[in-house]
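Notes for the one structure printed next.
The values are calculated or read from the model by the stated rules, or taken from the named source; none is laboratory data. For clarity, every value in this text was computed on a predicted model and none was experimentally measured. FYI the Cβ positions are ideal-geometry reconstructions off the backbone, even for glycines, and counts take in every protein chain you see.
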Amino acid sequence: MKKMKRLPALFLCLAVLMATAACGTTTDVRPDASENAGETGGAAGTTAAAGESTPAESKGETGTSDTINLMISAEPVTLNVLESQSNLDEYVFYLTSAMLYRSVDTELVPELCDTMEVSEDGTTYTYTLKEAKYSDGTAVTAADFVYYMVKRYLTSENCSRFVGGADTYNGGLETCEGIYAEDDRTFVVKLVEPITTFDGKLEIYPVNQAYVEGKGDSYGGTPADLQYSGPYILDDWTVGTSLTLHKNPDYISAAELFPLEHVNLYYSGDASSLYSRYAGGDVDAVVSINDTVVEAFGVDNCYRYSSGNMYGIEFNTTGFTYTEGDGFVSRGEEVTALMQNENFRKALCFALDREAICGAISPSALPTNRYVDSGIKGTGETPYVEEFALTDVAPLSGDAEAAKEYLAKALEELGYGDVSELPAIRFLTFENIQQKTMAETFVSQWKEILGIENIEINLQPIQSAIMSMVYMDYDLYLQQLELNPDNMVDMLAYWETAGTVSDPAGFQAGGAPAQVASMHADAEFDALVESIYRNFDDASRLADMAKAEQMLYSAYVYFPIQAGGGYAITQDYVHDFVNPHVEGGYGLAHTTVDAH
Amino acid sequence: MDTQKKITLDFTPVDPGLKDADQIVRPSVRYWPEVWKRLFQNKLADVCLGIILLMILLAIFAPMVSSYQYDATDLLHTNGKPCLEHLFGTDTTGRDMWTRVWVGARASLLIGFLGALTPFVIGAVIGAISGWCGGWVDMVIMRICDIMLCIPSMIYMILILMVMGGSVQAMVVAMAISNWMGSARNFRGRILQFKNREFTLAARLQGAGGLRIVFRHILPNILGNIAVSLCGSVPGAIFMEAGMSYIGLGVTPPRTSLGQLSTSGIGSFLLPSQFHLFLYPAIVISMMIFAFFMFGNCLRDALDPRLRDEEYNARRMRKLRRQMRKAVQ
Amino acid sequence: MADRLITVKDLKVSFMTASGEIQAVRGVDFHLDRGETLAIVGESGCGKSVTVQTLMRLLQEPPAVIKSGSIRYTNGDIDMDIAARTDKQMRAYRGKEFSMIFQDAMTSLNPTTRVGRQIAEGILRHQDMSAGEAKERAVELLARTGLPAPETVYKRYPHTLSGGQRQRVMIAMALSCNPAVLFADEPTTALDVTIQAQILNLMNDIKRQRNMSIIFITHNLGVVARMADRVAVMYAGQIVEAGSLRDIFYGPRHPYTWGLLGSVPDLRMNLSARLASIPGTPPDLFSPPAGCPFAARCAHCMKVCMEVVPGEYAVSEGHMARCWLLDAECETEVIPPVGRDKTVFKTERKEEVHG
Amino acid sequence: MAKYICKRLLISLATIWLIATACFFLIRLLPGNPFLVANPLDMTNAERLMDYYGLNDPLWEQYLRFLGNLAHLDFGYSLAHAGRSVNEVIALYFPVTAQLAIQAMLFGIPTGILLGILSSYRRGSGLDVSAQMLTILTTAIPSYVLAAIFQLLFSVTLGWFPAGGWASMKYTVLPTLCLSLGLVAGYCRSMRTLMLEVGQQDYLRTAKAKGLSDLRIIFFHQIRNALLPLLTNMGLEIAGLLMGSYVIERIFSVPGLGKYFVTSINELDYTMALGLVVFQACVVVAANFLVDLLYGVVDPRVKLD
C-alpha cells in the first residue's frame, strides 16, 4: 500500500519537469508572434507594423511614455569615476556626469566643450567650456577636467604622450605639466608630439577635487555621494537589483537630448530570468542578451552589436614562469622547445574551425583573422579589413590537412616520432561558461584532428586566472583583449617587445635573466608600430597597420579567434534606442517610448 | 469441552529429555539479518536500491560502451535532439549528452560517496576523541567546531580548489574540511550517551582500552543511525557540488559532473532546441538524490520498525472506516 | 453476592502489525468486586498489561483490536460493555471511574509540565471546578499521598522529583477524581525496596479508606502476597490459574504457578543451592502453539498438552486452573512442589509490620 | 542567570575574535590580486591601489589595523566597489535579506510544522503522502532548477508575480516561496518524526488515562514536547537564512547580502568579505545564544549555568 502510494511521487517528479518542457515550448511562441513588429522596431516606421494589428492596439499612437525600463546584464561596479576599474561603469557615468565630448548615435559630439583649437604643430589642444553646473549648484570648471584627466585618464600606456607625464608617472599622478587649466573656462592639453591616436575628442568627466576630497573613501559609494552634471541623476541604486534615474534639469543639453524623464535600469545576473522578465512585459528593452538565450527571444527580433573585444589563443613562447619566491623559473626544456616551434603553433591554429566553433558557442561573436574591429573605415568606402586583407592566413573554417602537415614538420624538427611523446601542455582558462566551453572544444578538436591528447585545461576563477596570466604560468591561454576602435594601434602596441601582453610579468623591466625574451620580440615590429603613432597620412598609416597586423599574425603568438558581440532587444513601442558604442552601452539621446 | 473429549486424548507423559524447550519457542532474533529482511521486503527500498545500482552501473559502463567520447566535440551535429544515435541528444558543441551525463554521474557519485564518507570518518574520529576524553580536550575540540561552523565554507572551498585544482579529490577534501563538524558533534553526543552505559562499563572493567571500546562496543550500537545519516549526506554532498558548480567552482573541464551539466543547462532552459541539455542532467540528478533520500528513509524504517507498523495500522484503520461507511450506505 | 464491578468474558485482544497478528490476549475471563484487590501475575509479555489497558481502552486501536469478548462494568447507574464502547464514549469514564498508575513514573509524567498542572488537568476534565479549586484539590491530594510541602511540589517539574515522589504524584493523579477502580501496572517495579513498601502501604491505606477496587499487575510474588485478595496467573495471553491468595499460594494446581512460586528466593534456603527457574522462554504470540502454551516448558508435559488447549478446571470455589493434569482421565499423579512452604510471604508480612 | 549571560557574552566575543582572525589569514591565502579584474594589463594601477589600501604592508600590521577597526565596529570600504562602505552595505541590504528570511520563516516553519503534525496525525493518508511527496520533491530538485520553474510558471506563463526585482511585497513572493519550500520540507519531516516519537511516550498514555480529549492531548502534551528538539537546530538555521542565499538572490535579482558574500570572496574583496564574515559570525553567535536562552526558558530540564 505504502509503496504503491509513494511511487507516484517519482512520476510527479518527472511530470513537473515535463510540464516545464511544455512551458518552454509555449513561451517560444511569443517572440515569433511579434516578429513583424520586431524587425522594424529599430527603424522609425514602427507605426506601419502596428497598423497591421487589431485596432485595440492603436492606442500606442495616442501618447508617449516618459519612462523606460531597461534590463542590463552586468551591473556597474562603482560610481567612483576615479577608481573605476571596469568599462561596465561607463554607462553609469554616461548618465550621471557630463563630459567634454559625448557619444550620440555613434558619433562623438561636443558636450561641455564650446570650442576646441589645435595649435599649428598639432601638440597643444585648447578647449573653452560652456557654462554649466553640477546638480548641487557648484559650477563646472576646467580644473575639474584636469583633476579627472590626471588622476584617472593617464595610464602607464598613454602617459608618455603628454608633456611632463612620462617621467613622473608612478600610477596616480598628482599633477602633469601638459594638462592644466588656463582659467575656469579654458582647459589645455599639451602633447609631447602629435600622434595619430589623439584627435582631441576626449571622453572625460569633470570631477571636483574639493568635493572628492571632502567625501574621502565614501566618494561614489551611494547616489548621494556624487555630483551630477550629466543628463540624468541617480535616485537609487539597489545593488544587484536596480538603478533608478531621473532627468537632470541642469543638464547642458536638456532641451535637445534625452527626452525620457525616467530611466529604470534593472539588473539580472541570471540568463533565464532576463528572458522571463522581458517576456513578462516588465521591461521595455534588454541591453545585452546572453548568447544562450538569444534563441528564446527570437534571433530575428534582436539586433547584434560589437562588444569591442576579441578572443585569441596566446602562446607562451618565453619558456619561463614568474614565481613569487624564485623569480623566473623555466617551464622545462621540452615544452619550451615545443612552444617555440612555429610549425607546432601553426598546426594548432590551422586545426581550428573557428566558424563552426563560434556558431556553436557564441552566435553573437564573429570569427576573425584580424586584430581590429571589422567596422573601421578604410581610406575609401570599403572597410579597412577588406581594403587591406592579410595574406597567408589560416582559413576561418580551419584546414585539417595543412594542420597535419605542420604538425608532421614540427615533430620532425623536434625529433619526436609520435604525438604521444609530446610533453604536457597547460591551457589556462577563465572560470566563465563561454570560455570554458570554448577551451573544451579546442582541446577536443586538437585531439580529433591532430591526435594531441596532452593538453590539460587549467580552469581558474577570474582573479587567479589573471594572476597566472600575469606570471605567465601557462603554455596556452585563451586571452581576451579590448579592441579600441579609436585607437587601433594600441592593440598592436600591446605586442611590442616590452608591451603589456607580450611581456606581462615585466620580463624586460623586472630584471629577467638574459636569455629571456618577450613572447613577441621583434624590433622591426616595434619600430613600425611606433611610426604608425606619428604617421598622419591616412593611406600609408592604414597600410602600415595592416603590415604590422600581418607581422603579428605570421608570428603565431596570438592567434585571433573571434570578435565579441552581443544582442539587444527592444519592445516594439520603443523608438531610436541605439547602441552607440562598441563597448556595449546604449544610447538614449533620442529614444522615445510610446504609451503601452 | 465436550467436543474436545470426543477426540482421543493421549495422557502419556512426554519425556522431558526428548522435548527441546527452546524448539517451539520463538527463534532468537538477530538484529542485522532482521533489518536486511525488513529492508528488502520494502518494495520502495528495492526500487531505490535498484535506481542507485543502475546509476552506478551506467556511470561505470555507459561511457565505456558508448561509441562517443564524452569530451569529443562534433561541430556538425550541435544541439541534436535525442535520437537513437544520441540517446540524450548532443550539446552546443556536439558532444554526446548520454556519455556526458554518465561521465558526470561518475563524478557526482564519487563526490557523493566520498564527500559523505570522508567528513563523516574524520568527524567520527574527532568526535570520539572529544567525547571519550572529555575535559579540556573536549572543550577545545568543540570550540574549534563552533568556530569552523561559523566560517563560510566558500573560503575553504576556493582555497582548496585553488591549491589542488578542481578535481574530484579537491572537492572531497574541501567537503571533508568544511563538513566534519556536524558529524563530530553528532558522534560526540552518541559517545557521551553510551559512555556510561552498563555494557561500556563492563568492557572497561575488563580492561578494554578507550578506542577499543569506542569501536568494538559503542560503534555497533550506533551503526544503524550512522547508516541512515550517511544515506542522508550523500545527496547533500551531490548538492553541494552542484551548488559549487552554480557559483562556478566545480570539477574542471573537460571532466564534468551532473551539477556542471545541469547548471550549464539552466542557461538554455528556455530554448526548445536546447531543453534536453537541461532536462536529462536535471532528471538524473533528481532521481539520484531521490533514490538516496528514500533509501535512507527505508533504512530508517527497517532499523526502527515501530514507525512503519504505526503507519500500517493507521492505514488499516482508515480502510476499515471507509468500508464501514460504505456498508452503512 | 459481592458488589461486582467488572466482569470480563472471553476477552481476546490482538495487535495487527505489518508482519502479522500478535495474539496478546487469548480468551480471558475474570471479575472484580468492589473493595477487593486482584493481582495479575505473570512474566513480561504475557498479556497482563494489555488486558488491563484494554479495560480502560487505553490501547491504540489499531494496532490493538478487541477480537471478541465483553467487559461489563456496573457501578451505580452505569452499566456498560466497555468492549463495545467507542474511544470517545470511554473518555468520560477514564480518570473518573477508573484510573491507572504506570510502572515508570519518570516517563509517564510529561517532562515539560509542572506536576501540579498535570494533576489539576484531570480534575478540571471531570469535575465542575474552577482552576483555583482544582489547584487546591491537587495540593490536598499531594498532601494526602504523604508528600512533604505539597505546595512546592505542585510547582515542580517531574525531573526534579525522586522516583518515590514521582510515583506518589502518579497516585495523587490517579485518585484525583475518586475512581471506583484503580489499575496499577507494576507501580513499584522501578523503585527500590524501602520506597516500594511505602508506596504499597499508601495504596493499601487509600484502598481501605475509599473502598476502592484495585487490579494490580506485577511479577513480584512478594508484592502480590501483601496486596492481593485474589490472584490471576497469566501465561501467553491466557489466565492459567486463578483463585484466592490462599489458593494460589498454598494450593497451586498449575505447573506454571509452581514454577513461579519456586523461583522466589527463600531466606532459609541453602546458599549454595541454585535458584529454581523455569527453562525456556514463552511462546511466540505470532503463532501460538496448538496445545497448552506452557507445554514446551512443562516438566509434566503429556502428549495431549502438545495437541489440545486445556479447558478450565474448577479446583474449588473460586479456584480454577487450565491444565490437563486436572482432567479426570489423567492418571499421572503430581505432587505440587510448593505450597508446603509458607515462609515466602510470611517474611514479607513481617516486613510490612516493620514498615 | 546574569552570571550565565555574562559568561556566554565573553565566550561569544572570544569566538567572534577567533573567527575574524582565522578568516583574515585564510582569505589572504587565496591567490590573486583584488585590483586586477577588468583590465588585467594595468599592473601599475593595481600596485598603486595596493599601496593606497595598505595591502603591501606586512601582514601583521594589516591584522592589527583590522583588529583596531573591528573594535570600532568599522569594517572599512570595499576594495572592488570603490566608495561602498561595508557598514553601509550591511545597513542597506541586511534588512532585505532579513525581510526575506523572516517572511520565509514565518511562512515556512509554521507551515512545515503544521503539515508535519497533520501528516503524523493522519499517517498514510492522502495528506501524509502528498506532504511526503513535497518533501521529496523539494529535496531532490536543486533550488536553481526549482526557481527557474517557478519563474516560468508564475511569471511568464501565468503572469501573477514579477520574475525578479525588489520593489513591493509582490516581488518578495517568489523568492520567499523558493526559500521557504526547503523549510517547509525540512520542518515537516522533522516534525512528523518527532510527533511519532513523542507519540510513543508513556506520558501520552497517562494523559489519555486521565480522560483528556485527543485534541488536548495532541496540543498540550504531544506538540509541546515535539517542538522542543526543533529549537536546537533553529539557531544555525536562522543564521544561515539571515545571511541570504546566493542562488535565490541571483536568480530573483534580490539585493541581499548572500550575493555580496559569494562575490566578495570571488572578487578577493578582502574588506567586504571579512566584514561580512564577522557580521555573519555575530549573527550566528547571537542566534545560538538566543536559542540557548529560549531553550532554557521553554524546556525546564535544561539548566543554564
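Below are the figures for this structure:
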read-out	value
Subset of segment C:17-56 [assigned to a loop (DSSP other than H, G, I, E, B) and among the aliphatic types (A, V, I, L, M)]	C:ALA18
Segment B:229-249: number of residues that are over 14 Å from B:VAL168 (Cα atoms), of a type in the set (A, V, I, L, M) and away from every other protein chain (no Cβ under 11 Å)	2
Neighbours by Cβ (under 7 Å, 6+ apart or cross-chain): first from segment D:141-161, more than 9 Å from chain A (Cβ to nearest Cβ); second in a loop (DSSP other than H, G, I, E, B)	D:PHE154/D:TRP160; D:PHE154/D:PHE161
Residue that is modelled with the highest pLDDT [pool: residues in segment B:162-180 that are part of a helix (DSSP H, G or I), within 14 Å of chain D (Cβ to nearest Cβ) and surrounded by fewer than 18 Cβ atoms within 10 Å (Cβ to Cβ)]	B:MET164
Number of the exception - D:ASN45 against (1) facing another protein chain (nearest Cβ under 8 Å); (2) part of a helix (DSSP H, G or I); (3) buried (at least 18 other Cβ atoms within 10 Å of the Cβ); (4) out of contact with any Gly (no Cβ under 6 Å at 6 or more places or on another chain)	(4)
In segment C:200-233, the residues that are touching a Phe, Trp or Tyr at 6+ places or on another chain (Cβ under 6 Å) and at pLDDT 85 or above	C:ILE215, C:ALA232
Subset of segment B:264-287 (residues that are in contact (Cβ under 8 Å) with a residue 40 or more places away in the chain, more than 19 Å from A:GLY269 (Cβ to Cβ) and over 26 Å from the mean Cα position of the chain (by Cα))	B:SER273, B:GLN274, B:HIS276, B:LEU277
Residue satisfying all of: in segment B:35-85; in contact with a Gly (Cβ under 7 Å, 6 or more places away or on another chain) and of a type in the set (D, E, K, R); surrounded by the most Cβ atoms within 10 Å (Cβ to Cβ) among these	B:ASP74
Wholly enclosed helices (runs of 4 or more DSSP H) of segment C:79-142 bearing at least 2 residues more than 9 Å from chain D (Cβ to nearest Cβ)	C:115-126
Set A:ILE195, A:ILE233, A:ILE252: member being more than 30 Å from A:ALA595 (Cα to Cα) and either modelled with pLDDT of 85 or more or part of a loop (DSSP other than H, G, I, E, B) (or both)	A:ILE195
Selected residue (only one of B:TYR280, B:TYR312 is at pLDDT below 80 and hydroxyl-bearing (Ser, Thr, Tyr))	B:TYR312
Lone qualifier among B:THR263, B:THR252, B:THR256 - being outside any helix (DSSP H, G or I), at pLDDT 80 or above and within 22 Å of B:VAL168 (Cα to Cα)	B:THR256
Segment D:80-107 residues that are more than 24 Å from A:ASP225 (Cα to Cα) and within 8 Å of another protein chain (Cβ to nearest Cβ), paired with ones that are acidic (Asp, Glu) and in a helix (DSSP H, G or I) (beta carbon under 8 Å, 6 or more apart)	none
Filter result (part of a loop (DSSP other than H, G, I, E, B), within 14 Å of chain D (Cβ to nearest Cβ) and in contact with a strand residue (DSSP E or B) (Cβ under 8 Å, 6 or more places away or on another chain)) within segment A:129-158	A:LEU154
For D:MET1: the one exception among (1) at pLDDT 85 or above; (2) aliphatic (A, V, I, L, M); (3) over 21 Å from the mean Cα position of the chain (by Cα); (4) surrounded by fewer than 15 Cβ atoms within 10 Å (Cβ to Cβ)	(1)
Any pair with Cβ under 6 angstrom, 6 or more apart, that starts in segment D:188-207 at a residue that is among the hydroxyl-bearing types (Ser, Thr, Tyr) and ends at one that is surrounded by 21 or more Cβ atoms within 10 Å (Cβ to Cβ)	D:TYR203/C:SER108; D:TYR203/C:LEU109; D:TYR203/C:ASN110; D:THR206/C:SER108
Count of segment B:110-145 residues which are surrounded by 19 or more Cβ atoms within 10 Å (Cβ to Cβ), over 21 Å from the mean Cα position of the chain (by Cα) and not hydrophobic (A, V, I, L, M, F, W, C)	2
Any hit, segment A:242-258, residues being out of contact with any strand residue (DSSP E or B) (no Cβ under 7 Å at 6 or more places or on another chain), within 14 Å of chain D (Cβ to nearest Cβ) and under 21 Å from D:ALA167 (Cα atoms)	no
Given (1) within 14 Å of another protein chain (Cβ to nearest Cβ); (2) out of contact with any His (no Cβ under 9 Å at 6 or more places or on another chain); (3) in a loop (DSSP other than H, G, I, E, B), index of the condition A:ASP217 fails	(3)
Residues that are buried (at least 24 other Cβ atoms within 10 Å of the Cβ) and touching a residue at least 60 places away in the same chain (Cβ under 8 Å), drawn from segment D:249-268	D:GLU249, D:ILE251, D:PHE252, D:SER253, D:VAL254, D:GLY256, D:LEU257, D:GLY258, D:TYR260, D:SER264, D:ILE265, D:LEU268
Single match in A:GLY308, A:GLY325 (criterion: of a type in the set (Gly, Ala, Ser) and in contact with a Gly (Cβ under 8 Å, 6 or more places away or on another chain))	A:GLY308
Flag if B:THR92 is at pLDDT below 85, among the β-branched types (Val, Ile, Thr), in contact with a helix residue (DSSP H, G or I) (Cβ under 7 Å, 6 or more places away or on another chain) and within 30 Å of A:ARG354 (Cα to Cα)	yes
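For every residue, the table says whether it meets (1) surrounded by fewer than 22 Cβ atoms within 10 Å (Cβ to Cβ); (2) within 24 Å of A:THR238 (Cα to Cα); (3) modelled with pLDDT of 80 or more; (4) under 15 Å from the mean Cα position of the chain (by Cα).
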position: D:ALA91; (1), (2), (3), (4): yes, yes, yes, no
position: D:PHE94; (1), (2), (3), (4): yes, yes, yes, yes
position: D:ALA101; (1), (2), (3), (4): no, yes, yes, yes
position: D:SER119; (1), (2), (3), (4): no, no, yes, no
position: D:LEU152; (1), (2), (3), (4): no, no, no, no
